[in-house]
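A.B. asks: What follows is a structure written as structure tokens; I'll ask about it next.
Taken together, the values in this text are just the output of simple stated rules run on the coordinates, not laboratory data. Keep in mind that this is a model prediction, so the values were computed, not measured. Positions of Cβ are backbone-derived with ideal geometry, glycine not excepted, and every protein chain shown enters the neighbour counts.
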Amino acid sequence: MAAPTEVSVKITEKLSARLLLLLTSSSVSENVKVQFEAWRSELNERPDRLPLKLLKILHKWNQEQSDSEKVYLHELLADSEVLLPQPVMEPRNPELVVRLERLKHEQEDREYRKMTKGVDLTWRAKEKQSLSSELQGVKQQLIAMFNFVLTVVCSFVFGYKAAEYSLPTPHIPLQIFVGFLLALIVAIADLYFIIKNL
């Protein structure tokens with residue numbers, strides 16, 4: 001069966017009986033009869049299909065009938081099928097085909113390089129460079145941590161000793177409190193600058 005060129009409906013016995021009634025009816029205009037006759041002359045090409053525009057005419061005529069003669073559309077189409085036209089596939093743009101081939105080749109090349117990364121010596125040199133840059137980053141972080149701990153400890157010692165020298169008699173709880181307070185202030189300031197530089 002060839003694909004339809006327009007939306008049509010597969011003809012069933014109920015549908016063909018109703019079509020025969022329509023064509024023999026006196027209430028149908030000559031224009032409608034001419035359209036159906038033209039369709040019937042084309043039946044050798046499409047013997048089992050009724051175009052959608054003619055189905056609409058049949059449905060409109062059917063609605064004008066009295067209640068005893070009326071057949072609802074869902075009853076007419078109960079055993080039928082809707083036949084849709086095949087979409088026309090346009091040829092692909094040659095530029096698009098070339099671009100797709102190039103992208104496919106690049107993707108395959110990337111996958112190949114990923115698979116042979118441990119085998120190829122040029123990749124090992126790049127890995128060494130990336131390893132050295134990672135070690136450099138770790139070294140900078142360790143220096144920052146050491147600097148942070150050293151400044152906090154030194155500020156505690158400074159606060160402790162400053163309170164000791166400023167008091168006439170040693171008062172250890174107050175000295176520890178001043179040392180912790182100064183160390184806390186320095187720690188917050190140091191953390192601010194560390195986070196700001198990240």
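A.B. asks: Starting from the Cα of residue 114, draw a straight line to each of the lysines and keep only those under 28 Å, dropping any in the same chain fewer than 8 residues away.
C.D. replies: Of all the lysines, those that pass the test against residue 114 - Cα under 28 Å, at least 8 places apart if same chain - are 104, 126, 128.
A.B. asks: Same structure again: In the chain, if the dipole is taken from +1 on Lys/Arg beta carbons and -1 on Asp/Glu beta carbons about the Cα centre, which of 131, 178, 119 is farthest to the positive end?
C.D. replies: 178
A.B. asks: Moving to a separate point now. With just the Cα atoms of the chain, tell me how far they stretch along each of the three principal axes, in Å, largest first.
C.D. replies: Taking max minus min along each principal axis of the Cα atoms, the chain gives 128, 55, 26 Å.
A.B. asks: Within the chain, which is the longest segment that contains none of the trypsin sites (Lys or Arg not before Pro) sitting in a DSSP loop with at most 16 other Cβ atoms within 10 Å?
C.D. replies: For trypsin sites (Lys or Arg not before Pro) (loop position, at most 16 other Cβ atoms within 10 Å), the longest site-free span of the chain is 118-198.
A.B. asks: Could you work out, for region 127-197, what percent of all Cα-Cα pairs fall into each 5 Å distance bin, beginning at 0 Å and stopping at the bin that holds the largest distance?
C.D. replies: In whole percents, the pair-distance histogram is 3, 17, 18, 15, 12, 10, 9, 6, 4, 3, 2, 1, 0.
A.B. asks: I'd like the distance separating the alpha-carbon centroids of region 61-100 and region 158-198, in whole Å.
C.D. replies: With region 61-100 and region 158-198 each reduced to a Cα centre, they are spaced 85 Å.
A.B. asks: Right, another one. Which is the longest part of the chain that has none of the GluC sites (Glu not before Pro) sitting in a DSSP loop with at most 14 other Cβ atoms within 10 Å?
C.D. replies: It works out to 82-198.
A.B. asks: On to the next question. Mind checking which of 142, 38, 97 is farthest towards the positive end of the chain's charge dipole, using Cβ charges of +1 (Lys, Arg) and -1 (Asp, Glu) about the Cα centre?
C.D. replies: Highest projection toward the positive end goes to 142.
A.B. asks: Among the lysines, select those whose C-alpha is under 24 Å from the C-alpha of residue 196, and discard any that sit fewer than 8 residues away in the same chain.
C.D. replies: Leaving aside lysines fewer than 8 places away in the same chain, those within reach of residue 196 are 139.
A.B. asks: Quick one: putting +1 on the C-beta of Lys and Arg, -1 on the C-beta of Asp and Glu, what dipole do you get for the chain around its Cα centre, in Debye to the nearest 20?
C.D. replies: That gives a dipole near 880 debye.
A.B. asks: List the residue ranges in the chain for DSSP H helices whose C-alpha atoms run 15 angstrom or more along the long axis and whose Kyte-Doolittle average is -0.5 or above.
C.D. replies: Span-like helices in the chain: 13-24, 52-63, 121-166, 172-197.
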